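These notes are about the structure you will find just below.
The values are calculated or read from the model by the stated rules, or taken from the named source; none is laboratory data. None of these values were measured; they are calculated from a predicted model. Please note: Cβ atoms are built from the backbone with ideal geometry, for glycine as well, and neighbour counts cover all protein chains shown. What goes into the accessible areas is simple: the full protein's heavy atoms, side chains included, and nothing from ligands, DNA or RNA. Shrake-Rupley method; radii C 1.70, N 1.55, O 1.52, S 1.80 Å.
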Amino acid sequence: MTTGSGEPDLPERVAAPPRPGERTERLLGLLFLLMASRHPVTKATIRQALPDYAASPSEGAFERMFERDKEELRSMGIPIQTVEGTQGAGGIDGYRVLDQEYALPEVSFTSAELTVLGLAAQVWEQASLGPAARNALRKLEAAGGTAREDSVGVIARLTTPEPSFGAFLAASQARRPVRFDYRRPDEAVPTQRHLEPWGVVSRRRHWYVVGRDRDRQAVRVFRLSRVSGKVMPDGPEGSYQTPDAPDLGALVAQADSDSQHRARIRVRSGEAASLRRAAAAVRPDDPGWDLLELDYGDDESFADRLVGHGPAVQVLAPQALQAAVVRRLRAALAAARGAS
Amino acid sequence: MSSPAGAGARLSRLLALVPWLLSRPGITLTEAADHFGVTTDALVADLDLLICSGPGQQHGELVDIWYWDDGTVKVLDPQSLGRPLRLTAEEAAALLVALRVLAQVPGGHDRALIDSVTAKLEDAAGAAAAGRAAVSVTVEERVDPAVAECVRRALDEQRALHIRYAGAARDQVSERVVDPVALLSVDGRPYLSAWCRSAGASRTFRLDRILACDLRDEPAAVPAEAAPPELGRDGLRPAGAAVTLDLLAGARWVAEEYPVDQVQPRAGGAVRVTLPVADERWIVRLLLRLGADARVVSPPQLADRVAAAAREALAAYPTPSDSEV
């Protein structure tokens, strides 16, 4: 049996090599200290109170250690207040954590609701928000009850294969400008871009970041799979405003073309099911063939879609679309001959 | 912009652990360790650290927890850690976005329940709930409501289904009898995971490609050997023969769009990729589309198939000069 009510055992730290867990212990000590007092605690008090700080060889070493620890606690979401000029002693800053700002408000979930939360946490299971979702679930379960793991016949997953996802999301939430290298598919080398990110969007199985491009002075959309290298901070947090409730999904969708043209194509019976579903009209043509009318936006991108059907699809009109398909078929033939 | 690791991650666990144990007096060490995904030894190390901590070092100023190595845990005095830490913007966004995705999955699951969870979570998250605005998941695949309802009933009543399915590989419609297992949504796209009697194997069907759906008057019979639904992008990748292509700059999107096993840079900005191909007709369609931007490396007979398809297709159009083809 072990109990915490025994003699506190404070190891001698001055000469001891760092051991795993020591920093956690120090962070926990700092948190208790900042939560314990109604009054803000000055750095001098903090340095005396925690053995690691007291043992630091210089004021500068202590300052660096303390700043790092303070940032670590803040990055976990611990609301450390900086109170300027406490104790009337002319400009000495103090720090504190108020209980009502620290604690999750009272909330309780039914067993069925916890199961839904469990399913929600699993959505990110294989993605970069997985640890955040699990942490959140543990906090919400603290009030009692546990998510049951029985299936309700619906399973959802989001994947984030792009390593830049977390950086763009964090920067968007903190309103922090970023810079990154970006390579468009038609460019051989990446170029550096400067962005005020508003948020990330999943559309048709790709992630995008939307924001204000500082070089172009306009709203731009970037596909995360085309970002190369690291996303770097490019300014302080909170240094720009995001529009009120921007429809990020709509901004990404705008990149897609509209329907302005109508094509007439012949399709072999039983083939090209996807074109048939998209067609405005389908009627029988010669035996073995159907005639389809389809609305589309851009000749070149619609030709990309048609050409794959090979001999099962023939473009009758318009002429520009037919020419685009023929050009592609000739290129494919030449490439295939070169390869074989 | 850093991820919690090491000391920070452990402290997060400690802060969640105390209130969690507090509301479950007498829970076993094993259960608690399982729940937090750590070994019993790691949990005991966490408890050892906690009981040496507090606002002071005097009796009554330390966290007090009773625990036995093979027994139960009870928090006697949590000090100021009795309540869990507030949700961060990232944590709130993770759960709120996931709830919205679950609500958007077609099917008849309990949306009122998802709404009530969302409302409570928004209240509890407070200002952090605004973090959700930075993530948007577009669910745009058009699913026939009749198909969604039919699939939902089949799952509820555990009945077999007859479907007309527009497969992507051949772009042809097939008729199949399937035994439904679950509805999946991966990156906003809905799927039915089922045992396909025609194929004699587990298959994943895109809901927006199910053209018609009929319930059959027989119970679903998923064989015991059927693989469980595979989730995530890798679960949906095709199994099949490896095809190797050289992609020029104009075709590099292929490596982004489809699951590829290897990407090697080549001279002149090209890349060499190897990808699994379940159906040859699919890769022939892709190569027709890529035209001059792609070259077949292997298998060589694939290039012959592409050439034959292109020649046959071109025969339908007037040719400015025969020598060109």
Could you tell me whether any residue of segment B:20-33 is under 30 Å from the mean Cα position of the chain (by Cα), open to solvent by 20 Å² or more (accessible area, probe 1.4 Å) and more than 7 Å from chain A (Cβ to nearest Cβ)? yes
Does A:ALA250 satisfy the criteria of being on the phi > 0 side of the Ramachandran plot and within 31 Å of the chain's Cα centre (by Cα)? no
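So how many residues does segment A:78-92 have that are modelled with pLDDT under 90 and either within 18 Å of B:PRO19 (Cα to Cα) or surrounded by 13 or more Cβ atoms within 10 Å (Cβ to Cβ) (or both)?
Within segment A:78-92, residues that are modelled with pLDDT under 90 and either within 18 Å of B:PRO19 (Cα to Cα) or surrounded by 13 or more Cβ atoms within 10 Å (Cβ to Cβ) (or both) number 3.
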Search result, residues across segment A:134-155 that are open to solvent by 30 Å² or more (accessible area, probe 1.4 Å), under 24 Å from B:SER185 (Cβ atoms) and at pLDDT below 70: A:ARG148, A:GLU149, A:ASP150, A:SER151, A:VAL152
When segment B:285-315 is examined, which residues are found to be more than 7 Å from chain A (Cβ to nearest Cβ), surrounded by fewer than 21 Cβ atoms within 10 Å (Cβ to Cβ) and touching a residue at least 12 places away in the same chain (Cβ under 8 Å)? B:VAL297, B:SER298, B:PRO299, B:ARG305
Of the conditions (1) open to solvent by 60 Å² or more (accessible area, probe 1.4 Å); (2) under 28 Å from the mean Cα position of the chain (by Cα), B:VAL97 fails just one. Which one is it? (1)
Being among the acidic types (Asp, Glu) and free of Cβ contacts under 8 Å to residues at least 12 places away in the same chain is true for just one of B:ASP34, B:ASP46. Which residue is that? B:ASP34
Got at least one residue in segment B:116-139 being part of a helix (DSSP H, G or I), of a type in the set (Val, Ile, Thr) and within 24 Å of A:SER202 (Cβ to Cβ)? yes
Right, A:MET65: open to solvent by less than 30 Å² (accessible area, probe 1.4 Å) and out of contact with any Lys or Arg (no Cβ under 7 Å at 6 or more places or on another chain) or not? no
For B:LEU76, all conditions in the list (1) among the aliphatic types (A, V, I, L, M); (2) open to solvent by 20 Å² or more (accessible area, probe 1.4 Å); (3) closer than 26 Å to A:ALA136 by Cβ hold save one; what is the number of the exception? (3)
Report yes if B:SER202 is closer than 30 Å to B:ILE283 by Cβ, assigned to a strand (DSSP E or B), within 13 Å of another protein chain (Cβ to nearest Cβ) and modelled with pLDDT under 90, otherwise no. no
Is it the case that A:ALA171 is modelled with pLDDT under 80, open to solvent by less than 30 Å² (accessible area, probe 1.4 Å) and hydrophobic (A, V, I, L, M, F, W, C)? no
Taking the options B:LEU102, B:LEU113, name whichever one is of a type in the set (A, V, I, L, M), over 29 Å from A:THR242 (Cβ atoms) and facing chain A (nearest Cβ under 8 Å). B:LEU113
Residues that are modelled with pLDDT under 80: find the helices (runs of 4 or more DSSP H) completely inside segment B:218-310 holding 3 or more of those. B:232-235, B:253-257
Can B:ARG132 be described as under 24 Å from the mean Cα position of the chain (by Cα) and among the basic types (Lys, Arg)? yes
Can you list residue pairs whose Cβ atoms sit under 6 Å apart, with the first residue in segment A:229-240 being within 14 Å of A:ARG179 (Cβ to Cβ) and in the same structural domain as A:PRO177 (by TED's automatic domain parsing) and the second being in a strand (DSSP E or B) and open to solvent by 50 Å² or more (accessible area, probe 1.4 Å)? Count only pairs 6 or more apart in sequence or on different chains. A:GLY229/A:ASP181; A:MET232/A:ARG179; A:ASP234/A:ARG179
Restricted to segment B:168-192, and to residues that are within 8 Å of another protein chain (Cβ to nearest Cβ) and closer than 17 Å to B:VAL151 by Cβ, which residue is most open to solvent (accessible area, probe 1.4 Å)? B:ARG189
Looking only at segment B:253-265, decide whether some residue is within 31 Å of the chain's Cα centre (by Cα) and open to solvent by less than 20 Å² (accessible area, probe 1.4 Å). yes
Residue within segment A:256-265 that is open to solvent by 40 Å² or more (accessible area, probe 1.4 Å), modelled with pLDDT of 85 or more and closer than 13 Å to A:PRO197 by Cβ present: no
A careful count of residues in segment B:121-130 that are open to solvent by 10 Å² or more (accessible area, probe 1.4 Å) and farther than 14 Å from B:ARG100 by Cα gives 5
Residues of segment A:219-254 satisfying the condition of being surrounded by fewer than 17 Cβ atoms within 10 Å (Cβ to Cβ) and of a type in the set (Val, Ile, Thr): A:VAL219
